[in-house]
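Participant: Structure provided below as structure tokens; questions to follow.
Derivation of every value follows stated rules applied to the coordinates shown; laboratory data play no part. Note that the structure is predicted; figures quoted are calculated from it, not measured. In this analysis, Cβ positions are derived from the backbone assuming ideal geometry, glycine residues included, and neighbour counts consider all displayed protein chains.
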């Protein structure tokens, strides 16, 4: 009977899963933990305020109907929201508002993010300085409309849109976006700024690279106008700082950024930061800065899968008014797997070559040109390619590998795909798991341990692993 709340939530999840897509279900409902059921009130724990806001905005009607179907017409739902890791032992509770009533604010969260401090004067801003018209430095062609959504970027993209729609008022402050080069960090941060600028024209939005920030700071010290430099940044409402890893080792620049960060965060202004590494891997960055980077959300952009790469290419040629056959599009998407920037560069080369040589853009030309491009770079093995090689070896389909099947040969193929993805790619464990049957990082670690154990104890299995490894290396 004490476990009744778990069974109730499981029944709710079955209904929810049947009514929304698998990716949405995995992203927004699998992380939820049921806590208790008392007096027809089911309490669930969500990871952040953003989860609460997103679920309430997008799934409120479905949740209400589902809860009432399980608990009767008086059934209600309450959330426990984890605001900060230090609060996990005593998370703040927010009641799910009825459609006809006003949203119930969490007073702790309101104070934390400055919602009650809007009228408090800022003693650090020089009077009249706010009247200065600051250029945003945004690339206006980078928008959410041409930032193709996929499993590789869905969380970061959704969080970015939430931030742009309500800067400084979500728990994603800062929003920390990280990835290898060429996967869309700069595009996304500009898209956030452009949407926020359109939504709130009265707010001051500024994009700046960490390198530019460092140069400005150095010049401010040289020209003895340190205070003006600090005051300038303190009046920004939404600061978008790109490539924060360039501050590594620059102690004085980190110190001034720390103070600017603190001031902006305390009065409810928004920061969005990009990096080529997650906060934990930024060696040479001050610990107090790293701890603040972890206050909000860290979201990774990983290499887009085959379908997303196809969508990126189709969007690009559509915007450029170009027509290519599906064979060429799929060949480009399958062959170039290192980053999005290289895909776009290959497209430009292909179109330019065909135009200057007055040749038709066909598959033969694409193969000729792309092979030359790929040879010029150190081609990285993709998870897609590894899955195809493993599936071809075991004569199973990629769809079966990514299914929920527990057949022995499917499970083994899936574990090997995870093992080789960890070995040959730079993808995170979470991304590998998501791409290999929508599993979590713990499953990937278990798969790798299982494969290593079998290599040591099963000669035939060890031989198969060696053969697959050779095929992957040849394909590289």
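Participant: State the percent of C-alpha pairs, over all pairs in region 132-300, separated by a distance greater than 22 angstrom. Could you put the intermediate results ahead of the total?
Facilitator: Values: 5349 of 14196 pairs.
Roughly 38 percent, once rounded to a whole number.
Participant: Right, another one. Kindly work out what percent of the DSSP beta bridges joining two residues of region 132-300 are antiparallel, to the nearest 5. It would help to have the intermediate numbers written out before the result.
Facilitator: Working: 0 of 17 bridges.
That works out to approximately 0 percent antiparallel.
Participant: Now for a separate question. Provide, for q = 0.17 Å⁻¹, the log10 of I(q)/I(0) from a solvent-free Debye sum over equal Cα point scatterers in region 195-279.
Facilitator: At q = 0.17 Å⁻¹ the computed log10 ratios are -0.71.
Participant: Something else about it: Quick check on the exposure proxy: order 29, 394 from fewest to most C-beta atoms within 10 angstrom. Each step should come with its number before you reach the end.
Facilitator: Working: 29 20, 394 17.
Placing the least packed residue first, the sequence is 394, 29.
Participant: Give me 288, 408 sorted ascending by neighbouring Cβ count inside 10 Å, so fewest comes first.
Facilitator: In increasing order of surrounding Cβ atoms, one gets 408, 288.
Participant: Tell me, 463, 269 in order of fewest to most beta-carbon neighbours within 10 Å?
Facilitator: On the way: 463 11, 269 23.
Listing 463, 269 from fewest to most nearby Cβ atoms yields 463, 269.
Participant: List the equivalent ellipsoid semi-axes of region 383-475 in whole Å, largest first, each obtained as the square root of 5λ for an eigenvalue λ of the Cα gyration tensor. Don't skip to the end; give the middle numbers.
Facilitator: Details: eigenvalues 60, 41, 40 Å².
Semi-axes, largest first: 17, 14, 14 Å.
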